[in-house]
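Report on one structure; see the data block that follows.
The values are calculated or read from the model by the stated rules, or taken from the named source; none is laboratory data. Being a predicted model, the structure only gives us computed values, none of them experimental. Because the Cβ atoms are built from the backbone with ideal geometry, glycine has one as well, and the counts that use them run over all protein chains shown.
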Amino acid sequence: MKKKHISKYHTLSFATIIIFIIVIFIAYNYYIFETKYIKREASRDLKSVSDIRACEISQWIRERIIDGNFIKASVPLRNFLLNPNDRENIIALKKRFEMFSLDSSYTTFRVFNKERDLLYSNKEYSVTISHHLLLSLEKSLESDSVILSDFFFDEFHKSILLELIIPVSNEGEILGFVLIDVNPEAYIYRTLQNYSIAQSTSELLLVRREGDDALFLNDLRFKKDAALQLRIPITAHEVPAIHAIKGDTGTVEGIDYRGERVIADVRKIPSTNWYIIAKVDISEINAPLRDKAFVLIFLVLFIFTILIAFLVIFWLTEKRALLVNELKSQRKMRLLGEYLNAIIESSSSAIYDLDREGNVKSIWNKSAEKMFGFKREDVIGKRLSIVPAEKDNEFSHLMSIIFEGKSFTDIEVERQKSSGERILISLSAAPIYNSQGNASGIVAIANDISERKRQEHEIEKKNMELSAAVLRLETTNEELQTSEEELISAEEELRTQVEEMEKSHRSLMESEEKFRIALKNAKIFVFTHNYELIYMWIYNPPEGLTHEMIIGNKDSDFLEKKEAEKVMQLKRKVLITGIPENCQMELIVAGRRCFFNYTIEPVFDKNNKVSGLLGAAMDITEKKNVEEELFQVYKMEAIGQLAGGIAHDFNNMLAGIMGNAEMLQFKLSNESSLLVNVENILKASEHASHLTSQLLSFARKGQYQRVSVSIHRIVSDVVSILESTIDKKITIEQSLKANPNTVVGDPTQIQNAILNLAINARDAIIKQSGKIIISTETLTLTKDYVEKFRKDIKAGQYVVISITDNGMGMTDEVKKHLFEPFFTTKEPGKGTGLGLASIYGTVKSHNGIIDVYSEAGTGTTMKIYLPLSVAELITEEKAFDIRSIDGHGKTVLVVDDEELIRETTLQILSKYGFEVLTAKDGREAIEIYKENMNHIDIILLDMIMPEIGGKETFKELRNINSNVKVILSSGFSAEGEARETINLGVNGFIQKPFRVNELLKKIGEILNQN
């Protein structure tokens, strides 16, 4: 028995020694690993910062060069150098420089002629050029290119500057040059002072080589006035700045200008002789390591001290460890479920805002109503009454903290409902800043945690009872032997607690399943990363991706390089700064263009260091597509309103021009040489009228008939026209399958729309043999289809007209602007850019839509959808004989706010025997009609007039005489407001500009009515 006891003792001693050696080995390797890890992480952080700042400075330089080239190409600058004494040239030059002076980087603008005489300066300045700039100036003038000089100290301003040198030439000859002072404080120095690294000794340096020295270009964190003053000789091999000017880039270790050992990352800024250095003291990054070393030593000694006791009660400790691990696992699952619930059910939190007096300002959501029992209308503008009286001091203290610019998250406070019931809430609050940057209010988010706190109290109570039982078990081996029955009882109690925890776990799993369903329906992709940005856990991956493709990989493993870099750059920023980020991002996922709302938050370890990320990405592609479609619709409507207004005013002017031209034509003899000029005026006016008709068609305000139209008859007419005009190498095919094929609309506008599309198809294949296919079909768009895919059209039956060619096709950029007025891809002089715009307006006027299917190099298909009609075709009415008009004994009242139109119409009607009265507005027309009602046979009334318009004037005239005969005239068509007036009982409508025969025909028709 004794030998057996000794053997066990020896075995235990040997095991203890082995375990102790293993502990020392692990501690040593952990120390080595931490040393390397800290340096590697510091190097990566420095590299990230230097890369970002180098790119930002490089981009800033490129923007200065672009500005310089824009100024170089400026016409006002060239005119000024050609004639510097011209006042208009000086004013134009000042305006151009004032536009660029909005950029705070630019301070002084100076203009010199080629003899280097100062011609202009926006500020007081020396007339001589700094000797620092002479070499750069010669280089710029020789190459005729814009150059940004190096840093130099300007003696006049006593400050460090850069100079933007802009040569100006005319047809290869240098006229002069512009010097613009660029203040590095405005961007470069500010960028370098934004360290973006948490360490207190971190610093960004900018250096260049000057002779055998490294010259510092910016003021340093620990040495002011160092810019262009501090030099380090090239013999100081250990200084990172010397590594830089020798061309060594990447991570280096050495001694900085203070004599401190540092780790640094060196990068060259592209297109410059500058180097950027991001550095930090090695002693600072190693500070956490020293603390860990003391902790390791303490742990080794502690482990050695208690190892024997732990081995003796090993079996008990194992059992307890299993139970504790099970409890931790269940607690972790519960916390994860709560976190997911916070992401998905964020709207369930009570959210409200307060002003400085504690009054609710404007936010009090339904969750707040539910949580506290107060309706929104009862609390807005009133002091918050959810704080118990004894908590007023606590509430005031929290308010003062927040208005000092601080915020807090998830503090536990007691509040009361409207019923007086006390509840515990988790409160997060932050200040709201006004435009002056002052805290003007508070936004708070509250969650009711009363039930959770009660459960935690119960669990804590049971844990304390468990810990007390375990401590009693561990007291001594003798007590353990004598307390076996107590241990069994404690185990039974633990088993009961575990069963209760399992029930809670099942409830938690059910709740988590509900969260998963919510995530699935909301298209939210939830994920976690480790520090290496490897996906550790995901839920609800985006469409086209699977768990297997994502778990254990990085974004670059399943996304294209460009797409992955966008996402990973955002995540690296959160890793470095430890600040949550929210942004919207466009990505190509599995070949599909998607939009996501990303929310990325850092995950901290027990040392408060970022150890990973937790994120959520909501797929908002469908919402984005709808927004883009609405934007396009609103844009086209706005352009249409502008085009309609321009065309209306232009038609008014054309009416006067054409009327006077026709009167001149009547008065001239047939032998007059001026007749040709008059006819040319009329032809040009007709052409201008056609252009305004196209604009009005686009704006859906042009002349518009409503008759039954056979689409097949129109297509046949279009094909006949095309076959007689286009190149025989181009074949035209028809496939007319629509049955029925009748629509209600304007046959001329529909024919012009189809003909213009066919002509565009011809132009697309004009340099090669090709084919144009015109086809029709009848299509039914259901209500479900329209609501889901085509919200710009109503459900019903449609005739679809397709015009297809195998020409050059179109790029996506061309398709974006296809229907905008004056947009054309044709050579100057070969197109007005109104054809497709008028087609768009025609189709919209007929309650239809037009679709474009095209890719560069593959041809184009244009599809017009027009609502189907079953009405019978209406035949054309018999032409009116103008010779039957006799105005003698008839009186016409002409009402128009345009004097030119009034006078022209008076002359025209007087020539045909009419007696004419005129009125400049509706009010005068009413007075004239009251006085001459028995003599006035008909009134020509303008639609758009100041004060009283045509519609209101007609109502007043009809009140005076219900049988009054009125012809309405307008630069718009008989639609919109004009249609409303016509429906009131107007006898006829004529659109400006009108020819003499059109006006006489309309008057004759109305006068001949019973």
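Filter region 358-383 down to the residues that are small (Gly, Ala, Ser) and either over 20 Å from Glu421 (Cβ atoms) or crowded, with 19+ Cβ neighbours inside 10 Å (or both) and list them by number.
Looking only at region 358-383, we keep the residues that are small (Gly, Ala, Ser), and these are 358, 362, 367-368, 373, 381.
Residues satisfying the conditions are Gly358, Ser362, Ser367, Ala368, Gly381.
Restricting to region 932-944, name every residue that is within 19 Å of Gly889 (Cα to Cα) and outside any helix (DSSP H, G or I).
Scanning region 932-944 gives Met933, Asn934, His935, Ile936, Asp937, Ile938, Ile939, Leu940.
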- Item | Qualifying positions in region 916-926 - in a loop (DSSP other than H, G, I, E, B) and among the acidic types (Asp, Glu) | Asp921
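Could you go through region 977-986 and let me know if any residue there is touching a Gly at 6+ places or on another chain (Cβ under 7 Å) and either at pLDDT 90 or above or assigned by TED's automatic domain parsing to the domain that holds Val892 (or both). First the steps, then the outcome.
Step one: filter region 977-986 for residues touching a Gly at 6+ places or on another chain (Cβ under 7 Å), giving 981.
When the remaining residues are screened for being either at pLDDT 90 or above or assigned by TED's automatic domain parsing to the domain that holds Val892 (or both), the result is 981.
Yes: region 977-986 contains one or more residues that are touching a Gly at 6+ places or on another chain (Cβ under 7 Å) and either at pLDDT 90 or above or assigned by TED's automatic domain parsing to the domain that holds Val892 (or both).
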- Could you please give the count of residues in region 84-135 that are under 19 Å from Lys158 (Cβ atoms) and in a strand (DSSP E or B)? 5
- Note on the structure: Filtering region 567-619 down to residues that are more than 30 Å from Gln199 (Cβ to Cβ), touching a residue at least 60 places away in the same chain (Cβ under 8 Å) and among the aliphatic types (A, V, I, L, M) yields Ala616, Ala617, Met618
- Item | Every pair of residues 6+ apart whose Cβ atoms lie under 7 Å, when the first sits in region 434-451 and is of a type in the set (Gly, Ala, Ser) while the second is assigned to a loop (DSSP other than H, G, I, E, B) and surrounded by fewer than 18 Cβ atoms within 10 Å (Cβ to Cβ) | Ala439/Gly405; Ser440/Asn434; Gly441/Asp355
- Message: Just to check your reading of the model, which residue among Ser145, Ser196 is in the same structural domain as Cys55 (by TED's automatic domain parsing), in a loop (DSSP other than H, G, I, E, B) and at pLDDT 90 or above?
- Response: Ser145
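Between Lys771, Lys788, which is modelled with pLDDT of 80 or more and farther than 26 Å from Val707 by Cβ?
Numbers: Lys788 fails: modelled with pLDDT of 80 or more.
Going through Lys771, Lys788 in turn, the sole match is Lys771.
I'd like the full set of residues that are part of a loop (DSSP other than H, G, I, E, B) and either at pLDDT 90 or above or buried (at least 19 other Cβ atoms within 10 Å of the Cβ) (or both), limited to region 945-960. Can you show your working first?
First, pick out the residues of region 945-960 that are part of a loop (DSSP other than H, G, I, E, B): 945-949.
Across region 945-960, the qualifying residue is only Met945.
This table checks each residue for (1) at pLDDT 70 or above; (2) within 30 Å of Arg209 (Cβ to Cβ); (3) not assigned by TED's automatic domain parsing to the domain that holds Ser426.
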{"site": "Asp265", "(1), (2), (3)": "yes, yes, yes"}
{"site": "Asn273", "(1), (2), (3)": "yes, yes, yes"}
{"site": "Asn286", "(1), (2), (3)": "yes, no, yes"}
{"site": "Leu296", "(1), (2), (3)": "yes, no, yes"}
{"site": "Leu307", "(1), (2), (3)": "no, no, yes"}
{"site": "Arg320", "(1), (2), (3)": "no, no, yes"}
{"site": "Gly337", "(1), (2), (3)": "no, no, yes"}
{"site": "Leu340", "(1), (2), (3)": "no, no, yes"}
{"site": "Asp353", "(1), (2), (3)": "yes, no, no"}
- Query: If a residue has to be more than 19 Å from Tyr189 (Cβ to Cβ) and either within 40 Å of the chain's Cα centre (by Cα) or exposed (fewer than 13 other Cβ atoms within 10 Å of the Cβ) (or both) to count, how many in region 269-284 make the cut?
  - Reply: 4
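Answer with yes or no whether Asp921 is buried (at least 19 other Cβ atoms within 10 Å of the Cβ), out of contact with any Pro (no Cβ under 6 Å at 6 or more places or on another chain) and either charged (D, E, K, R) or in contact (Cβ under 8 Å) with a residue 40 or more places away in the chain (or both).
Values: buried (at least 19 other Cβ atoms within 10 Å of the Cβ): no; out of contact with any Pro (no Cβ under 6 Å at 6 or more places or on another chain): yes; either charged (D, E, K, R) or in contact (Cβ under 8 Å) with a residue 40 or more places away in the chain (or both): yes.
When the stated conditions are applied, Asp921 does not pass them.
Per-residue answers, yes or no, for (1) of a type outside the set (A, V, I, L, M); (2) buried (at least 18 other Cβ atoms within 10 Å of the Cβ); (3) over 18 Å from Tyr865 (Cβ atoms):
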{"position": "Thr725", "(1), (2), (3)": "yes, no, yes"}
{"position": "Ile730", "(1), (2), (3)": "no, yes, yes"}
{"position": "Arg762", "(1), (2), (3)": "yes, yes, yes"}
{"position": "Thr780", "(1), (2), (3)": "yes, no, no"}
- For region 200-227, how many residues are in contact with an Asp or Glu (Cβ under 9 Å, 6 or more places away or on another chain) and farther than 15 Å from Leu46 by Cα? 9
- Message: Among the residues of region 161-183, are any surrounded by fewer than 21 Cβ atoms within 10 Å (Cβ to Cβ), of a type in the set (Gly, Ala, Ser) and not in a helix (DSSP H, G or I)?
- Response: yes
- Message: Phe222 - would you say it is crowded, with 17+ Cβ neighbours inside 10 Å, modelled with pLDDT of 85 or more and closer than 24 Å to Ile52 by Cβ?
- Response: no
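Quick check on Leu82: is it touching a residue at least 24 places away in the same chain (Cβ under 8 Å) and surrounded by fewer than 16 Cβ atoms within 10 Å (Cβ to Cβ)?
Details: touching a residue at least 24 places away in the same chain (Cβ under 8 Å): yes; surrounded by fewer than 16 Cβ atoms within 10 Å (Cβ to Cβ): yes.
Here the answer is yes, as Leu82 does meet what is asked.
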- How many residues of region 405-431 are touching a residue at least 24 places away in the same chain (Cβ under 8 Å) and either surrounded by fewer than 16 Cβ atoms within 10 Å (Cβ to Cβ) or polar (S, T, N, Q) (or both)? The answer is 10
- Query: Looking at Glu173, is it free of Cβ contacts under 8 Å to residues at least 60 places away in the same chain and charged (D, E, K, R)?
  - Reply: yes
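Return the total of residues in region 761-791 being over 37 Å from the mean Cα position of the chain (by Cα) and in contact (Cβ under 8 Å) with a residue 24 or more places away in the chain.
Taking region 761-791 and keeping what is over 37 Å from the mean Cα position of the chain (by Cα), we get 762, 765-778.
Next cut, in contact (Cβ under 8 Å) with a residue 24 or more places away in the chain only: 762, 765-766, 768-778.
Residues that pass the stated criteria total 14.
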- Answer yes or no as to whether Ala244 is outside any strand (DSSP E or B), among the aliphatic types (A, V, I, L, M), without any contact (Cβ under 8 Å) to a residue 60 or more places away in the chain and surrounded by fewer than 17 Cβ atoms within 10 Å (Cβ to Cβ). no
- Of Arg190, Arg231, Arg209, Arg221, which residue is farther than 30 Å from Leu77 by Cα, over 44 Å from the mean Cα position of the chain (by Cα) and outside the structural domain of Thr577 (by TED's automatic domain parsing)? Arg231
- Note on the structure: Of (1) within 30 Å of Glu565 (Cα to Cα); (2) exposed (fewer than 13 other Cβ atoms within 10 Å of the Cβ); (3) modelled with pLDDT under 80; (4) not aliphatic (A, V, I, L, M), Ser489 satisfies every one except (1)
- Message: Could you tell me how many of the residues in region 732-752 are modelled with pLDDT under 85 and in a helix (DSSP H, G or I)?
- Response: 5
- Can you name the number of the only condition in (1) within 18 Å of Leu893 (Cβ to Cβ); (2) not in a helix (DSSP H, G or I) that Tyr929 fails? (2)
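Any residue at all in region 903-915 that is assigned to a strand (DSSP E or B) and surrounded by 19 or more Cβ atoms within 10 Å (Cβ to Cβ)?
Our first condition is that a residue be assigned to a strand (DSSP E or B); within region 903-915, this holds for 915.
Add one more test, that the residue is surrounded by 19 or more Cβ atoms within 10 Å (Cβ to Cβ), and what stays is none.
The answer is no, given that none of the residues of region 903-915 is assigned to a strand (DSSP E or B) and surrounded by 19 or more Cβ atoms within 10 Å (Cβ to Cβ).
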- Would you be able to tell me the number of residues in region 275-284 that are of a type in the set (Ser, Thr, Tyr) and modelled with pLDDT of 85 or more? 1
